[in-house]
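Undergrad: Got a structure for you, questions after.
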Amino acid sequence: MKHNLLIFTILCVSVFAVSCGEAQKKKKREVPYWENPVQLDLEGIKKRGFIRAVVDNSSTSYYIYRGRRMGYEYELLRNLAKRLDVQLRLIVNQDVQRAYYLLNTGGADIIAINLVVNDERKKYGAFTDPLTSLSSVLVQNREKATIKKVEGLDGKTIHVRQSTIYRSQLEYLEDSLQIDIDIIEEDKNSDELVEEVVREEIEYTLVDEGVALVNSTYYRGIDVGLKVNEPRPVAWAVRTNAPNLLEAVNDWMEKGKSSTYFAILYGKYFLNKKNNYYRNKSPFSSISGDRISIYDDLIKQGAEVLGWDWRLLASLVYKESRFDTVATSYAGAKGLLQLMPVTLERFGVSNPNDPLESLMGGVRYLKYLDKFWLERVPETNERIKFILASYNVGHGHVNDAWRLALKFGKDTQRWKNVAYYLERKSQPKYYRDPVVRSGYAKGYLAVAYVQDILSIYESYRVLVEP
């Protein structure tokens, strides 16, 4: 009997322990993501070598125009990254709540979107000093613009971007003015909603004053005269446990505002009506079209031969020539893919200014480099990095770095290992090593070249349809 009682007691204790353990696990899982942000401050970001920033694909934030990355937030972030001495990696996202999740779970380090600061949002992140102050503006058809005061919003349907401050602003007006507004949240960015007003698919939307200003420069049929609130400070956000990053960003902002840099950039994107029109309405803009250059069809043919995503080949062409068929480098490289005279001859290019002939000559050279690395680097994505570096500095120098990596026991199928030695080929210790055959090289430039092309490609991949 005592024996049975002991067994029963042990079972009860075990069940209780398991239940407690499960309860604790469940409790741990239910901790909101913003209350336990990943531990990564400025020091860790610098050690890692890059900062991740969340941006919009919009006329005021970040877009592609004729192959070039542009945008007010983009240029600010590029300047910030340079100041921090790190590379910039962008995450295009139009869902603000998703942006907060990425920030706190380590997918991003800074949210570079105009965020109105309030107590509710402070739990998701630490806000920088204000970039500027903005009002929210009603966008309506100019010919049908009957709403002149906020009281006129009564009974109207207004479409707004999802997970933004616009809903609460309109709800505040409902409560304070005792009016009724039908608020519809859309999973679209502000530019898309403005276009729907222009096409008369919706009657009204609410956007930031800056977005309204830019759109009004090329959509003359819209009215953006009604501000629904007084200007409020807008800022960027970092993690609540990243005080050093916050301090560095604020210091950068203070210096930028005291110089002419911020003012010049603001004028470029918000006040230059002619340039705004061409940048945002061109078929070669990721905002209004899906083309990168006039040579997209040729590039797609070449990419098919290589088995590459055409946007990757377009990134290489942009890096080499900016899509200029008559571009000639100081060293004598010519054409869309900037081939040297000996390479032009070797791969059958008689007229480097002919876009098709020049491009396909470059493709044949890339095909040759692919074959050179195929057996030693069988994984395609890794091999592409070897190919790009070889295209820039010559496969002999990359091969030297590969042999150095092999000599020192590194995995030679991983680009980062070979890149380490390629970066050091300007140092006598390495370029005089017995396994090195091609001698001195500024290999660090080739490593940066690869990273730059992959960064351009990532932008094209996200913003341009395949």
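The values are calculated or read from the model by the stated rules, or taken from the named source; none is laboratory data. Being a predicted model, the structure only gives us computed values, none of them experimental. Every residue, glycine among them, receives a Cβ derived from its backbone with ideal geometry; neighbour counts consider all protein chains shown. Only protein heavy atoms, including side chains, enter the accessible area calculation; ligands, DNA and RNA are left aside. Shrake-Rupley method; radii C 1.70, N 1.55, O 1.52, S 1.80 Å.
Undergrad: Among all the aspartates and glutamates, which ones have a C-alpha under 14 Å from Lys319's C-alpha, if same-chain residues fewer than 8 places away are not counted?
TA: Cross-link targets: Asp452, Glu458.
Undergrad: Please give the residues of region 204-221, grouped as numeric ranges, whose backbone N is less than 15 Å from a label point set 7 Å along the Cα-to-Cβ vector of Thr146.
TA: Backbone N within reach: 204.
Undergrad: Show that you can apply the helix-only estimate: for the chain, add -39,500 (n - 2.57) for every DSSP H stretch of four or more residues, divide by all residues, and state [θ] at 222 nm to the nearest 500.
TA: Helix contribution divided over all residues of the chain: -15500 deg cm²/dmol.
Undergrad: Could you rank Glu43, Glu75, Glu143 by how accessible they are, 1.4 Å probe, largest area first?
TA: So, going from the largest accessible area down, we get Glu143, Glu43, Glu75.
Undergrad: Would you mind working out the magnitude of the charge dipole of region 118-218 relative to its Cα centre, with +1 at each Lys and Arg C-beta and -1 at each Asp and Glu C-beta, to the nearest 20 Debye?
TA: 280
Undergrad: Tally up the carbon and sulfur contribution to the accessible surface of the chain as a whole percent, 1.4 Å probe, everything protein left in place.
TA: Accessible surface attributable to carbon and sulfur in the chain totals 51 percent.
Undergrad: I'm a student and want to see the number: the projected area of the Cα convex hull of region 332-466, averaged over all directions, in nm².
TA: In nm², the orientation-averaged hull projection of region 332-466 is 8.9.
Undergrad: Right, another one. So, in nm, how far is label Asn118 from label Asn241 when the simple model puts each one 7 Å beyond its Cα toward the Cβ?
TA: Going from the Asn118 label point to the Asn241 one covers 2.8 nm.
Undergrad: Provide the per residue accessible area, probe 1.4 Å, for region 118-172, rounded to a whole number of square angstrom.
TA: Each residue of region 118-172 exposes 49 Å² on average to a 1.4 Å probe.
Undergrad: Check cross-link reach from Lys300 to the aspartates and glutamates: straight Cα distance under 15 Å, and skip same-chain residues fewer than eight apart.
TA: Asp290, Asp309, Glu357, Glu465
Undergrad: Hey, what's region 197-289 come to in accessible area per residue, 1.4 Å probe, Å²?
TA: Result: 47 Å² per residue.
Undergrad: Restricting to bridges with both residues inside the chain, how much of the DSSP beta-bridge set is antiparallel, in percent to the nearest 5?
TA: If we restrict to bridges inside the chain, about 65 percent are antiparallel.
Undergrad: Evaluate the distance, in nm, between pseudo-label points positioned 7 Å from the Cα of Lys300 and of Tyr368 along their respective Cα→Cβ axes.
TA: For the pair Lys300/Tyr368, the computed spacing is 2.9 nm.
Undergrad: Using unit Cβ charges (K, R positive; D, E negative) and no other charged atoms, how large, in debye to the nearest 20, is the dipole of region 31-129 about its Cα centre?
TA: That gives region 31-129 a dipole magnitude of about 500 debye.
Undergrad: Calculated from the structure, semi-axes √(5λ) of the Cα gyration tensor in Å equals which of (i) 54, 31, 23; (ii) 45, 37, 21; (iii) 43, 24, 18?
TA: Computed from the coordinates, semi-axes √(5λ) of the Cα gyration tensor in Å corresponds to (ii).
Undergrad: Which of Lys82/Lys227; Lys46/Lys188; Lys257/Lys442; Lys371/Lys442; Lys82/Lys188 have a Cα-Cα distance over 29 Å?
TA: Checking Cα-Cα distances, Lys82/Lys227; Lys46/Lys188; Lys257/Lys442; Lys82/Lys188 exceed 29 Å.
Undergrad: From the backbone phi of region 161-168, what are the Karplus-calculated ³J(HN,Hα) couplings (6.51 cos²θ - 1.76 cosθ + 1.60, θ = phi - 60°) in whole Hz, Gly and Pro given as x?
TA: After applying 6.51 cos²θ - 1.76 cosθ + 1.60, I find 5, 5, 6, 10, 6, 4, 4, 5 Hz.
Undergrad: Let's test the formula: R0 of 41 Å, r as the Cβ-Cβ distance of Arg48 and Glu230. What FRET efficiency results, to the nearest 0.05?
TA: The pair Arg48/Glu230 has a calculated efficiency of 0.50.
Undergrad: So, one more: With a 1.4 Å probe and every protein chain left in place, work out the accessible area per residue of region 318-460 in Å², rounded to a whole number.
TA: For region 318-460, the per-residue accessible area is 49 Å².
Undergrad: Could you work out how much longer the chain between Glu379 and Leu265 gets when fully extended? Use 0.36 nm per residue separation minus the Cα distance between them, nm to one decimal.
TA: Fully extending the segment from Glu379 to Leu265 adds 36.8 nm.
Undergrad: Sticking with this structure for a sec: Under 8 Å for C-alpha pairs, at least 6 residues apart: give me the relative contact order for region 228-382, rounded to a whole percent.
TA: This gives 11 percent for region 228-382.
Undergrad: Ok, one more. Check cross-link reach from Lys144 to the aspartates and glutamates: straight Cα distance under 13 Å, and skip same-chain residues fewer than eight apart.
TA: Within the straight-line cut-off, Lys144 pairs with Glu200, Glu203, Asp223.
Undergrad: Further question on the same structure: If I stretch the segment between Lys429 and Tyr330 completely, what's the gain in nm (0.36 nm per residue apart, minus their alpha carbon distance), one decimal?
TA: Between Lys429 and Tyr330, full extension yields an extra 32.6 nm.
Undergrad: Rounded to the nearest 20 debye, what is the charge dipole size of the chain about its Cα centre when +1 sits on each Lys and Arg Cβ and -1 on each Asp and Glu Cβ?
TA: Charge dipole, the chain, about its Cα centre: 2440 debye, nearest 20.
Undergrad: Let me ask something else. Expressed as a rounded percentage, what relative contact order does the chain have, with Cα pairs under 8 Å and six or more residues apart?
TA: After rounding, I find 14 percent.
Undergrad: Turning to a different aspect of this structure: Multiply the residue separation of Asp129 and Ser282 by 0.36 nm, subtract the distance between their alpha-carbon atoms, and state the gained length in nm to one decimal.
TA: 51.6 nm
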